[in-house]
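Chemist: Have a look at the structure that comes next, please.
The values are calculated or read from the model by the stated rules, or taken from the named source; none is laboratory data. Keep in mind that this is a model prediction, so the values were computed, not measured. For neighbour counting, all protein chains shown are included, and Cβ atoms are generated from backbone atoms with ideal geometry for every residue, glycine included.
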Ligand SMILES: [Zn+2]
């Protein structure tokens, strides 16, 4: 993805996050898009309430800033984004927010149950796991995120204990949309908790849903 195109797509993704209540009250978030095999475009500051073309920096996946200044407070999230791109060549965009219901699960150290059908259609086959807490940007934190992502290859997201959520997918638009689906699932599962708790799918559900989707897309 070329720089201008990536910036435009990320700005558009933030609009979607705002319109769908996925930012949390203080608009703290960071977003990135892969530019090529070696570089990414990352938001420079921690507040994304109003982004322009100059709100992004070009950064190599080894963490070196190539163009644009990253705010000191945002330096610590560079490795988290770069690490996921290095681990997952299929990932084209990454979004971190404090979406309220997903963050409630993160604060409770509770994996998001796989109980809402759109998650199944998004390809998830297991709950969204929680990465144990560690100081932001530390080796333990980034290492925990990468280990968890690697251990759950069908889950395009992790909950960051006591903090928020990290979602990664093909493009800024698909990542933002997926975050919306996950937040919706978190809200519904939290409500279901008052009714006895979210209930999962029968074991054959995964194969059946794949089959149905294939039938309509061929
Ligand atoms: Zn955060």
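Chemist: May I ask you to verify whether residue 62 is loosely packed, with under 14 Cβ neighbours inside 10 Å, more than 14 Å from the ligand (Cβ to nearest atom) and in contact (Cβ under 8 Å) with a residue 60 or more places away in the chain?
Modeler: Values: loosely packed, with under 14 Cβ neighbours inside 10 Å: yes; more than 14 Å from the ligand (Cβ to nearest atom): yes; in contact (Cβ under 8 Å) with a residue 60 or more places away in the chain: no.
So residue 62 does not fit the description; no.
Chemist: Next question. Look through the range 107-130, keep the residues that are surrounded by 18 or more Cβ atoms within 10 Å (Cβ to Cβ) and within 13 Å of the chain's Cα centre (by Cα), and return whichever of them is farthest from the ligand (Cβ to nearest atom).
Modeler: For the range 107-130, the residue satisfying everything is 128.
Chemist: Spot the failing condition for residue 98; the list is (1) surrounded by 14 or more Cβ atoms within 10 Å (Cβ to Cβ); (2) more than 14 Å from the ligand (Cβ to nearest atom); (3) modelled with pLDDT of 95 or more; (4) within 15 Å of the chain's Cα centre (by Cα), and only one is missed.
Modeler: For residue 98, the exception is condition (2).
Chemist: Working only within the range 86-95, note down all residues that are surrounded by 24 or more Cβ atoms within 10 Å (Cβ to Cβ) and away from the ligand (no atom under 16 Å from the Cβ).
Modeler: Scanning the range 86-95 gives a single hit, 93.
Chemist: Please go through (1) touching a helix residue (DSSP H, G or I) at 6+ places or on another chain (Cβ under 7 Å); (2) at pLDDT below 95 for residue 35 and return the number of the only condition it doesn't satisfy.
Modeler: If we test residue 35 against (1) touching a helix residue (DSSP H, G or I) at 6+ places or on another chain (Cβ under 7 Å); (2) at pLDDT below 95, just (2) comes out false.
Chemist: Find the residue count for the range 65-85, including only residues that are under 16 Å from residue 145 (Cβ atoms) and buried (at least 18 other Cβ atoms within 10 Å of the Cβ).
Modeler: Summing the residues that are under 16 Å from residue 145 (Cβ atoms) and buried (at least 18 other Cβ atoms within 10 Å of the Cβ) in the range 65-85 gives 9.
Chemist: Name the residue that is surrounded by the most Cβ atoms within 10 Å (Cβ to Cβ), counting only residues in the range 4-28 that are in contact with a strand residue (DSSP E or B) (Cβ under 8 Å, 6 or more places away or on another chain) and modelled with pLDDT under 95.
Modeler: Looking at the filtered set, the residue picked out is 23.
Condition check ((1) in contact with a strand residue (DSSP E or B) (Cβ under 7 Å, 6 or more places away or on another chain); (2) in contact (Cβ under 8 Å) with a residue 40 or more places away in the chain) across all residues:
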site: 86; (1), (2): no, no
site: 96; (1), (2): yes, yes
site: 99; (1), (2): yes, yes
site: 102; (1), (2): yes, yes
site: 105; (1), (2): yes, yes
site: 111; (1), (2): yes, yes
site: 114; (1), (2): no, yes
site: 124; (1), (2): no, no
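Chemist: Looking only at the range 169-180, decide whether some residue is assigned to a loop (DSSP other than H, G, I, E, B), touching a helix residue (DSSP H, G or I) at 6+ places or on another chain (Cβ under 8 Å) and within 15 Å of the ligand (Cβ to nearest atom).
Modeler: No, the conditions are met nowhere in the range 169-180.
Chemist: Just to be sure I understand, how many residues within the range 45-61 are modelled with pLDDT under 95 and within 24 Å of residue 144 (Cα to Cα)?
Modeler: Here the count works out to 2.
Chemist: Which of the residues that make up the range 191-206 are modelled with pLDDT under 90 and within 26 Å of the chain's Cα centre (by Cα)?
Modeler: Within the range 191-206, 206 is the sole residue that qualifies.
Chemist: Quick check on the range 23-44: of everything there that is free of Cβ contacts under 8 Å to residues at least 60 places away in the same chain and closer than 13 Å to residue 10 by Cβ, which residue is farthest from the ligand (Cβ to nearest atom)?
Modeler: Checked the range 23-44; the qualifying residue farthest from the ligand (Cβ to nearest atom) is 35.
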